[in-house]
1. Which fully enclosed helices (runs of 4 or more DSSP H) of the range 1-114 have 1 or more residues being closer than 28 Å to residue 151 by Cβ and under 15 Å from the mean Cα position of the chain (by Cα)?
2. Can you tell me how many residues within the range 149-163 are out of contact with any helix residue (DSSP H, G or I) (no Cβ under 8 Å at 6 or more places or on another chain) and either under 18 Å from residue 37 (Cα atoms) or in a loop (DSSP other than H, G, I, E, B) (or both)?
3. Of the numbered conditions (1) modelled with pLDDT under 95; (2) within 16 Å of the ligand (Cβ to nearest atom), residue 163 satisfies every one except a single condition; which is it?
4. When you scan the range 168-183, do you find a residue that is assigned to a loop (DSSP other than H, G, I, E, B) and either on the phi < 0 side of the Ramachandran plot or modelled with pLDDT of 95 or more (or both), even just one?
5. Working only within the range 54-83, note down all residues that are exposed (fewer than 15 other Cβ atoms within 10 Å of the Cβ), within 23 Å of residue 23 (Cβ to Cβ) and within 16 Å of the ligand (Cβ to nearest atom).
6. What residue, among those in the range 184-199 that are in a loop (DSSP other than H, G, I, E, B) and under 19 Å from residue 150 (Cα atoms), is most open to solvent (accessible area, probe 1.4 Å)?
7. Given the criteria in contact (Cβ under 8 Å) with a residue 12 or more places away in the chain and surrounded by fewer than 22 Cβ atoms within 10 Å (Cβ to Cβ), does residue 110 qualify?
8. With respect to the numbered conditions (1) touching a residue at least 12 places away in the same chain (Cβ under 8 Å); (2) within 20 Å of residue 211 (Cβ to Cβ), which one is the sole condition not fulfilled by residue 27?
Amino acid sequence: MTSAIPVIAIDGPSASGKGTIAQRVAEKLGWHYLDSGALYRVIALAGKQHGIAWSDELALATMTGGLDIRFERGEIFLNDENVSMAVRTEEMSRGASEVSTHPAVRRALTDLQRSFRKLPGLVADGRDMGSVIFPDAETKIFLTASAETRAQRRYKQLLEKGNHANLASVLADLQMRDARDQGRKVAPLKQCEDAELLTTDHLTIEQAVQAVLDFYAARK
Ligand code: DC
């Protein structure tokens, strides 16, 4: 029975560190991990490859049903092509933010996301893991940090990867994406009533991982 399989749902805004934290929690517990944002990024990339505009809800949803999307050892594959790097660009961040506003696209990805719920458990990160995809998850966490902290972290990452970056435009971009994720009609980003708030401005990654594990242990 699916509901017997535990889920830790971690939702929060862009660059809150939820991907890194969710992945480490999954490793520590020996559980599966779902990066749901990567799926929206793949849809944006596949849309571009097929010449479908990110505003074209029906064409994107129809296309989504025919895609073969797989995760293997932390890498993501689209129809056997490793697209792990291609989906991480700023262009695909914008595309994912746009395609994820469409209800039909979200519906087309629902079953795929739920199929990741396998024993011994799943750590899932995204925007609607606790509210829509796994509403019966026993542990729900809303992981966030101020826009300034998140922009600083993203800016540092970009510089470390050798990219040219400008702090003010990184911050403006994050704020635009926050507004879109929070303001959309379907599955907007918000803290569920039954989610624990975890603010990471003053936490290291290890401390945040431990806080998630403590929430889980307390709920078990
Ligand atoms: O977590 P991320 O930055 O990789 O997500 C990319 C975009 O996908 C983000 O703008 C919001 C969207 N998204 C979503 O709508 N629902 C999810 N469960 C995960 C991501």
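1. 18-29, 36-49, 90-99, 103-114
2. Count: 3.
3. Condition not satisfied by residue 163: (2).
4. No: zero hits.
5. Within the range 54-83, 74, 75 qualify.
6. Restricting to residues being in a loop (DSSP other than H, G, I, E, B) and under 19 Å from residue 150 (Cα atoms), the top hit is 190.
7. The answer is yes for residue 110.
8. Of the numbered conditions (1) touching a residue at least 12 places away in the same chain (Cβ under 8 Å); (2) within 20 Å of residue 211 (Cβ to Cβ), the odd one out for residue 27 is (1).
The values are calculated or read from the model by the stated rules, or taken from the named source; none is laboratory data. These figures come from a predicted structure and were not determined experimentally. Cβ coordinates were reconstructed from backbone atoms using ideal geometry, including for glycine residues, and neighbour counts include every protein chain displayed. All accessible areas refer to the heavy atoms of the entire protein, side chains included, with ligands and DNA or RNA removed. Shrake-Rupley method; radii C 1.70, N 1.55, O 1.52, S 1.80 Å.
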